[in-house]
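*Asks:* Got a structure here, written out as structure tokens. Questions coming.
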Amino acid sequence: MKMQKFIFWGLAILGLLWNMATGFNFVMQTDPEFVVTMPEPFRSVVLTRPLWATAAFGLAAFAGFAASVMMLLQRSEASLLFLVTAVASMVVALPILTLPGGMAAAFTTVFSAMIAASLGAFCRRVLG
């Protein structure tokens, strides 16, 4: 029983930190002064990303943060919010895949979707 609580709280805190970093990443990518300092491959992704993909990125970032908070509060709504995060992350990856070298650039986005889906499934199992 103790080990299960340790795993739950460890995953909840790691999820919160991951989603806080994602939210920070989103905010920084909306700052034109920061975008010009990015390496070229990342800058081209940010500058050529359609508005709908940027909106999906914001949704993924902030739904993921909300899901992590709900997980910490042990609320079952966390699983639904993690699902929203996973789907929104995959939507963000769509235009990136059309760029040269897009498969490598989309890796972190797809990885984020996998993390969100895993946390959502874990919440579903543990929180109901």
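*Asks:* Give the number of residues within the range 78-111 that are of a type in the set (Gly, Ala, Ser) and outside any helix (DSSP H, G or I).
*Replies:* As a first pass, look at the range 78-111 and keep what is of a type in the set (Gly, Ala, Ser): 78-79, 86, 88-89, 93, 101-102, 104-106.
Filter again for outside any helix (DSSP H, G or I), leaving 101, 106.
Qualifying residue count for the region: 2.
*Asks:* Still on this structure, I have one more. Looking only at the range 1-31, how many residues end up being modelled with pLDDT of 95 or more and not in a helix (DSSP H, G or I)?
*Replies:* 0
*Asks:* On the basis of being touching a residue at least 12 places away in the same chain (Cβ under 8 Å), out of contact with any Cys (no Cβ under 8 Å at 6 or more places or on another chain) and under 20 Å from Phe42 (Cβ atoms), does Leu127 make the cut?
*Replies:* Values: touching a residue at least 12 places away in the same chain (Cβ under 8 Å): yes; out of contact with any Cys (no Cβ under 8 Å at 6 or more places or on another chain): yes; under 20 Å from Phe42 (Cβ atoms): no.
Judged against the criteria, Leu127 is not a match.
*Asks:* Still on this structure: When the residues of the range 71-80 are filtered to those that are in contact (Cβ under 8 Å) with a residue 24 or more places away in the chain and either in contact with a Pro (Cβ under 9 Å, 6 or more places away or on another chain) or hydrophobic (A, V, I, L, M, F, W, C) (or both), which remaining residue is surrounded by the most Cβ atoms within 10 Å (Cβ to Cβ)?
*Replies:* Quick first cut of the range 71-80, residues in contact (Cβ under 8 Å) with a residue 24 or more places away in the chain only: 71-72, 74-76, 78-80.
If we keep only those that are either in contact with a Pro (Cβ under 9 Å, 6 or more places away or on another chain) or hydrophobic (A, V, I, L, M, F, W, C) (or both) as well, we get 71-72, 78, 80.
Values: Met71: 29, Leu72: 15, Ala78: 26, Leu80: 16.
Of everything passing the filter in the range 71-80, Met71 is surrounded by the most Cβ atoms within 10 Å (Cβ to Cβ).
*Asks:* Same structure, new question: Going through Ala66, Ala55 one at a time, which residue ends up being surrounded by fewer than 21 Cβ atoms within 10 Å (Cβ to Cβ), at pLDDT 95 or above and farther than 30 Å from Lys5 by Cα?
*Replies:* The unique qualifying residue is Ala55.
*Asks:* How many residues does the range 27-52 hold that are closer than 17 Å to Met90 by Cα, crowded, with 17+ Cβ neighbours inside 10 Å and either of a type outside the set (Val, Ile, Thr) or out of contact with any helix residue (DSSP H, G or I) (no Cβ under 8 Å at 6 or more places or on another chain) (or both)?
*Replies:* Of the residues in the range 27-52, 1 are closer than 17 Å to Met90 by Cα, crowded, with 17+ Cβ neighbours inside 10 Å and either of a type outside the set (Val, Ile, Thr) or out of contact with any helix residue (DSSP H, G or I) (no Cβ under 8 Å at 6 or more places or on another chain) (or both).
*Asks:* Which one is farthest from the chain's Cα centre (by Cα) among residues in the range 100-128 that are farther than 21 Å from Ser76 by Cβ and among the aromatic types (Phe, Trp, Tyr)?
*Replies:* The extreme case among them is Phe107.
The values are calculated or read from the model by the stated rules, or taken from the named source; none is laboratory data. These numbers come from a predicted model, not from an experiment. All Cβ positions, even for glycine, are placed from backbone atoms using ideal geometry, and neighbour counts span all protein chains on display.
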